[in-house]
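Below is one structure, written out as structure tokens; comments come after it.
All of the numbers you see were taken from the coordinates with simple rules; none came from a lab. All figures in this text were calculated on a predicted structure; none of them were measured in a lab. Methodologically, a virtual Cβ is constructed for each residue, glycine included, from the backbone with ideal geometry; neighbour enumeration extends over all protein chains shown.
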Amino acid sequence: MILLNWIKRKIKKFKEDRAFKKKLEELRKRDPFRYKNF
Amino acid sequence: MIKLGISAFYHDSAACIVKDGKVIAAAEEERFTGIKHDNRFPVNAIKWCISEAGIHIYNINEVHWYESPEKKDNRISTTFAKKPFRTFFLNRKYKKSKKSQDPKDILESMGYTGKIIYHDHHYSHAAFSYYTSPYDSAAILTVDGVGEWETTTISIGEGNNIQKLISIDFPNSLGMLYSTITAYLGFKPNEGEYKVMGLAPYGNPDIYTDKLLSLFNNTSNKYFIDQSPFTWEYSDKVMFNKKLFKLLRLQPRFPEEEITQNHKDLAASLQKVYEIQFNKLLITAKNITKSNNICIGGGCAYNGVANSIAYKHFDSVYTPFAPSDAGSAIGACLNEKVNISPYLGPSFSDIEVKKEIDKFKSQVNVFKINEDKLINKVARLINGGCIVAWFQGSMEFGARALGNRSILASPTDPKMREKLNYVIKKREGFRPFAPSVTEERYQQFFQMKETSPYMSKVVKTHSKNIPSATHIDGSCRVQTVSKKQNSKFHKLITEIGSQSGIPIVLNTSFNLKDQTITLTPSDAIERYLSSQIDFLIINNYLIQKKK
């Protein structure tokens, strides 16, 4: 049971990390969305 | 002595003319180009300022540039050198853009060959805040994203002197942190910070505050920010990396996505962290200057909630009408105390207005009414639930509409906020509107120690009668209006009070979605015709759409 929960948590975390990575890539493709400091 | 003040190439380009210590004219470039926060060289603003002052460019004795390009270049080059491979293309892009941004070359092409004096970015902020303040001595706190190296300074102003005491350098920046989380929440940095402030009272600050605070390392007088979750030093695309996500465990929001409770919690936490750090700076400013007065400057001085915290440590708090980079064009020119009004932009005579109205005569009915009757009529319209666009005299300088380019409505109608947000301005429903109140009666309605002529302080209200101007937490970003500051607007609010018992009007800038504040009568009429605003008043002309 403990192992199953651990695996579930790991899968959830993996999915979240992957979703973030996709979002970040999408954000990079869009117009610069940042405060100008250069 | 005629000085031309300029700010450009960062945010909010602007220009001004100062003649013998008096500010004659000032305007932001965005008003002429229609591009919000236009950061290009302010050619149009300069041309208008020169024409308003009745001079030629060769009459100008000195140009005062609001920052030091050399020091800024040093900061950028040093930053890029930390990660030379990662910033290789960015560095090339920067060097290319730098060539076309030399103030000397641009001014020479306009016919100016005289002296150019460069000031430090944060000095220009401090000078604008202090020299336009009512104090003979004061602490001065400036906070923004970044100037050359500095992101935060504490100075003391005594007489006509400003002495810098403490500075905090890039990449440690409260302004950059606020902008990063603004971007993370799906709002545009350097613009959406208002939205984050407006969203904050809907959230629970306990959720992310500790996580964000864990990034700070505070010493007795300064703060340092852990840079590992941020890309401020090496990217011009996004401002954060996966470490920020790992810290927050919240996905960044795209602008088109729904705002969830988590986003509101993050906004609330960010605002709380900002207030905690800002409070520490205020304590430092108090301890080292021992002053009872404080002037606040820099873009972060638009954070009215944080500004009000200053009353915990100081008897009197002053924030100028354009504390961001636009105001620095004026600040750079000042070296002594001045009396200044925020109404420094273009104005239009009745003849000019009539000429413009005539172009639209098939679409509108026009009535020219004497001032007293007009005030009485407009007050009745507002108290009766109408939305009125109010275009008078000289345009305001700075981000706030202070009663010369405003959309006005009754704050007593509970549905007015929704109507203005969704129907007129087509913006997010959570965003609050500011109340303008007569200076004689502000204490009757608001918990305020002193006046707030430039909408720079957020305070609690005593009144339950102004629901449309009250935010969810019972706060309001108040403008107090005196007869001396703006007599016609003061007269209008007084008349509204005589008729309804409440001398308060809901005041928002005269622009529609994604537009800059209205500049000309022609823009005013076009915007009026394309919106659901009920009446338009330009000078003493009352304009109504034909049915």
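Structure summary
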read-out: Magnitude of the charge dipole, the protein assembly as shown, Cβ model with Lys/Arg +1 and Asp/Glu -1, debye to 20; value: 2260 debye
read-out: Nitroxide proxy distance, nm - points 7 Å out along Cα→Cβ at B:Leu213 and B:Ile351; value: 6.4 nm
read-out: Neighbour-limited loop hits for trypsin sites (Lys or Arg not before Pro), segment B:384-428 (at most 13 other Cβ within 10 Å; DSSP other than H, G, I, E, B); value: B:Lys415, B:Lys426
read-out: Inter-label distance for B:Glu62 and B:Lys547, nm, one decimal - labels placed 7 Å from Cα along Cα-to-Cβ; value: 6.2 nm
read-out: Beta bridge orientation in chain B: antiparallel %, DSSP, nearest 5; value: 70 percent
read-out: Estimated FRET transfer efficiency (B:Lys95, B:Gln261; beta-carbon r; R0 56 Å; 0.05); value: 0.80
read-out: Calculated on alpha-carbon atoms, Rg and Dmax of the protein assembly as shown in Å; value: 24.1, 84
read-out: Between segment B:324-338 and segment B:461-503, the Cα center-to-center distance that results, in Å; value: 30 Å
read-out: Residues B:Ile472 and B:Lys415, FRET efficiency given R0 of 25 Å [Cβ-Cβ distance, rounded to 0.05]; value: 0.95
read-out: Kirkwood-Stokes translational diffusion coefficient of chain B, alpha-carbon pairs, 4 °C, 1.567 mPa s, µm²/s; value: 54 µm²/s
read-out: When the convex hull of its Cα atoms is projected in every direction, mean area for segment B:178-282 (nm²); value: 6.7 nm²
read-out: Full-stretch length increase - B:Thr78, B:Ile369 - with 0.36 nm per residue and alpha-carbon distance subtracted; value: 98.5 nm
read-out: Selected from B:Phe230, B:Gly385, B:His121, residue furthest toward positive end of dipole (the protein assembly as shown; charges at beta carbon); value: B:Phe230
read-out: For B:Lys280, B:Lys195, order by how many other beta-carbon atoms lie within 10 Å, fewest first; value: B:Lys280, B:Lys195
read-out: nm² value of the averaged projected area, convex hull over the Cα atoms of segment B:285-329; value: 3.2 nm²
read-out: FRET E, pair B:Asn204, B:Gln443, Förster distance 41 Å, beta-carbon r, rounded to 0.05; value: 0.80
read-out: Label-point separation, B:Glu108 to B:Leu529 (7 Å along Cα→Cβ), nm; value: 4.7 nm
read-out: Whole-angstrom gap from segment B:279-302 to segment B:170-239, using each part's C-alpha centre; value: 20 Å
read-out: For residues of B:232-239, the mean tally of beta carbons on other chains within 10 Å; value: 5
read-out: Peptides ranked, highest mean first, by Cβ atoms within 10 Å: ranges B:469-482, B:151-164, A:18-31; value: B:469-482, B:151-164, A:18-31
